[in-house]
Amino acid sequence: METNKNLPSKIPEAKKSLLIKELKRGEQSGFVKNFDKKQTLNDLHKKYLEKQ
């Protein structure tokens, strides 16, 4: 995986390294079991859209 080449050159190396590390960690964490995308979307709408 050559993520370094895809990141903007303005990002300092330390931030690139941290970002890559965290992305890899997320990729290895697996998937949520029994994820209900409709319910999650409804929850997010209630939380953020109804406040406006």
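Pick from region 23-48 the residues that are among the basic types (Lys, Arg) and surrounded by 10 or more Cβ atoms within 10 Å (Cβ to Cβ): which of them is modelled with the lowest pLDDT?
Only one residue fits best here, namely 46.
When both residues are 6+ apart or on different chains and their Cβ atoms are under 9 Å apart, which pairs have a first residue that lies in region 1-20 and is modelled with pLDDT under 70, and a second that is of a type in the set (Gly, Ala, Ser)?
Here the result reads 4/17, each pair linking region 1-20 to a residue that is of a type in the set (Gly, Ala, Ser).
The values are calculated or read from the model by the stated rules, or taken from the named source; none is laboratory data. It should be emphasised that the depicted structure is a prediction, and the values quoted were computed from it without experimental measurement. Heads up, the Cβs are rebuilt from the backbone with ideal geometry, glycines too, and the neighbour counts pull from every protein chain shown.
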